[in-house]
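What follows draws every value from the coordinates through simple rules; no lab data is involved. Here the structure is a predicted model, which means the values were calculated and not measured. Heads up, the Cβs are rebuilt from the backbone with ideal geometry, glycines too, and the neighbour counts pull from every protein chain shown.
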Amino acid sequence: MTVKEIQKYSKYSVPELLKIAVRKFNSFIRKRDCDGEFFTCISCQRTLRIVNYARGGNYHAGHYYPSTESLLRFNEINVNGQCGQCNTHKHGNQIEYRKGLIKKYGIEEVERLDLLDAQYKRGFKWDRFTLIEIIEKYKK
C-alpha cells in the first residue's frame with residue numbers, strides 16, 4: 001500500500017471505509033460468479049437472469065458464515081453469488097449453501113473455512129489500513 005493510497009482515504013472514518021470495502025468486495029463477487037446476464041445460486045443451484053443489477057436486485061453476494069460475526073466477511077470462498085430468495089427469505093439456505101460450497105471448492109476448502117471461522121470469532125475490529133488494502137484490491 002502506498003502513501004498516496006492512504007492519503008486518498010484519510011477523510012473517511014473506519015465505518016465509512018468498511019462500507020466502501022463491502023460495496024467493492026460484493027461487486028467483485030457478483031461479477032466473478034455471473035455469466036453475462038445470468039447467475040447460478042450457490043444454494044438452490046437455480047440459474048436466473050440478473051434483475052436490477054445496479055441495486056443488487058435478485059443477485060446477492062451471500063455469505064456462508066455471516067459477515068457480522070467474523071473476519072470471513074471478505075473471504076472469497078465464504079462469499080458467493082446467491083439468489084435473493086435464498087439469501088434473504090431462507091436466511092442463507094445454509095444446508096444447501098454448504099453443499100454448493102463443497103461442489104464448487106471441495107470438502108478440504110470448506111473444512112478449512114470452518115477452522116478459520118472458529119479462529120476468527122474472537123473480538124476483531126477492522127482497522128483503516130486493512131480496509132484500504134481491501135478497497136484497493138477489489139476496486140478493479
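Annotations
- Spatial separation of Cα centroids for region 104-140 and region 1-70, in angstrom: 14 Å
- Distance between the 7 Å Cα→Cβ label points at Glu111 and Thr68: 3.2 nm.
- Charge dipole (debye, nearest 20) of region 90-136; +1 at Cβ of Lys and Arg, -1 at Cβ of Asp and Glu: 240 debye
- Calculated over region 64-140: convex hull of Cα atoms, volume per residue (Å³): 112 Å³
- Here's how it looks for Ile50: its modeled amide H is under 5 Å from those of Phe38, Phe39, which are all 5 or more places away or on a different chain.
- Each principal axis of the Cα atoms in the chain has its own extent, and those three values, largest first, are 44, 35, 24 angstrom.
- Relative exposure of Tyr65, Tyr59, judged by other C-beta atoms within 10 Å (fewest first): Tyr65, Tyr59
- Neighbour counting of Cβ atoms within 10 Å sorts the residues Ser43, Ser67, Ser13, Ser27, fewest neighbours leading, into Ser13, Ser27, Ser67, Ser43.
- Unit charges at the beta carbon, dipole of region 3-135: most positive-side option, Leu72, Ile50, Gly62: Ile50
- Residue among Asn52, Asn78, Asn87 with the largest mean-square fluctuation in a Gaussian network model of the chain, springs linking Cα atoms under 10 Å: Asn52
- In region 11-108, GluC sites (Glu not before Pro) in a DSSP loop with at most 16 other beta-carbon atoms within 10 Å: Glu37, Glu69, Glu76
- For the chain, a crude dipole built from +1 on the beta carbon of Lys and Arg and -1 on the beta carbon of Asp and Glu, taken about the Cα centre, is about 480 debye to the nearest 20.
- Förster radius 41 Å - calculated FRET efficiency between Phe124 and Val51, Cβ distance, rounded to 0.05: 0.75
- In this label model, Val14 and Lys99 are separated by 4.1 nm, measuring between points 7 Å along each Cα→Cβ vector.
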